[in-house]
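To start, the structure under review is shown below, and the notes come after it.
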Amino acid sequence: MKITKIVITGGPCGGKTTAMGKVQKDFAKLGYKVLFVHETATELITGGVAPWTLVTNEEYQKCQISLQKRKEEIFERAAKHMGAEKVLIVCDRGVLDNRAYMNDTEFKNVMGALGLNEVEERDQYDAVFHLTTAAKGALEAYTLSNNDARTETPEQAVEVDDKLIAAWTGHPHFRIIDNSTPFEEKLNRLVREIASFLGESVPLEIERKYLIRYPDVCRFEAMPNCEKVEIVQTYLYSPGDAEMRVRRRGRNGKYVYYWTEKRRISDTARVEIEKRISKEEYAAFLHQADPERRPIRKTRYCLIENNRYFEIDIYPEWEKQAVMEVELRDENEVIEEIDFPGNIHVIREVTNDYAYQNYSLALFMPEED
């Protein structure tokens, strides 16, 4: 039995409500039992519980997050007893959406009061898909008429959309579905992204990798759409052509853990199977570490720019250079330097350079260019 929990989020009037119906229809055809955790904010606000009806916004957010988490727990429990081979739990917004409606102090206070930490709440979901507000690029379609809980002007919608993207930046599988196509195709792109993640039919990781000059990390850390993540990656002994590893991912002592297997099928595409594991399972896997490869330690900056998701890896062994990866929508997609973040200076592409794959870096670090 396979249970997958994803989030569909996005700015006001991004198309979430319509998308839910399409996801239900399309993935039922693929043999999934599809469950929906409906948007908690809409339930509360239309029921009379809102930031403006409580004494403070913090008190409202405590209510909303508590109810959100309880609903998800119930759906996960129910999913285990449905007798279905494949269950897809779709959350209409997740816990981290609430961060867009709080300042930093409020968010810290709420998480502390509820005994939660940001990394675990963000990465508890298997994948996150963001539908960009119509106020960005499809203003003629922006409306307040189809949701009684929606009150934002187009300008406010854009601001909320940006904050939501910043809140989820850092998740290991975060995708943005923008308004670059007509609405029907926007929904089709969402379905294709979800299907690709679920491995229907093959879970492909399609990416390009670049060697870059050491970036201005202080600038990154000041950007709202950038998230810093600490990673320790340990390769396991794996005979044959498989590449297996375990990874600890997080920051400030708060971590989540993954097991991954990869097999290369072309120069840019690999079959990737990944699952979340417990801290105890992670510790047990470390006993299977490949003795010929050292653990890879790096600081990753996850950055949203031009509706693309970039990952910039800083290695402690290098002072002049770093590595940047960008995921593609398909193997034939062309990406140019104009699409890269403004402060990135590319030395050369190393997508097919074995020396710059983490599997190789665990053996040796190339000299700096």
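The values are calculated or read from the model by the stated rules, or taken from the named source; none is laboratory data. Bear in mind that the values here come from a model prediction, so they are computed numbers and not experimental data. Glycine also receives a Cβ, built like all others from the backbone with ideal geometry; neighbour counts cover every protein chain displayed. Protein only, heavy atoms only, side chains kept; ligands, DNA and RNA dropped before computing areas. Shrake-Rupley method; radii C 1.70, N 1.55, O 1.52, S 1.80 Å.
Summary of computed values
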quantity	calculated
Per-residue ³J(HN,Hα) for the stretch 51-62, Karplus 6.51 cos²θ - 1.76 cosθ + 1.60, θ = phi - 60°, Hz, x for Gly and Pro	x, 8, 9, 9, 4, 9, 5, 4, 5, 5, 5, 4
The chain - accessible surface per residue (Å², probe 1.4 Å)	47
Lys pairs under 24 Å by Cα in the stretch 240-334, provided they are eight or more residues apart or on distinct chains	9
Calculated from backbone phi, Karplus (6.51, -1.76, 1.60) coupling profile of the stretch 124-133 in Hz, x at Gly/Pro	5, 8, 6, 7, 10, 10, 9, 9, 5, 4
The chain, helix-only ellipticity at 222 nm - DSSP H runs n ≥ 4, -39,500 (n - 2.57), divided by all residues, nearest 500	-9000 deg cm²/dmol
Hits among aspartates and glutamates - C-alpha to C-alpha of Lys33 under 20 Å, sequence gap 8 or more where chains match	Glu72, Glu73, Glu76, Glu85, Asp92, Asp126, Glu193, Glu200
Centre separation in Å (Cα based) which lies between the stretch 300-369 and the stretch 34-69	40
Aspartates and glutamates with Cα under 13 Å of Lys186, excluding same-chain neighbours fewer than 8 positions away	Asp178
From phi via Karplus (6.51, -1.76, 1.60), per-residue ³J(HN,Hα) for the stretch 79-87 in Hz, x at Gly/Pro	4, 5, 10, 9, x, 8, 6, 9, 10
Nonlocal amide H pairs with Val34, under 5 Å, H built at 1.01 Å	Leu88
Given charges at beta-carbon only (K, R positive; D, E negative), |dipole| of the stretch 1-160 in Debye	780
Under 16 Å from Lys108, Cα to Cα: aspartates and glutamates that are on another chain or at least 8 residues apart	Glu58, Glu59, Asp97, Glu118, Glu120, Glu121
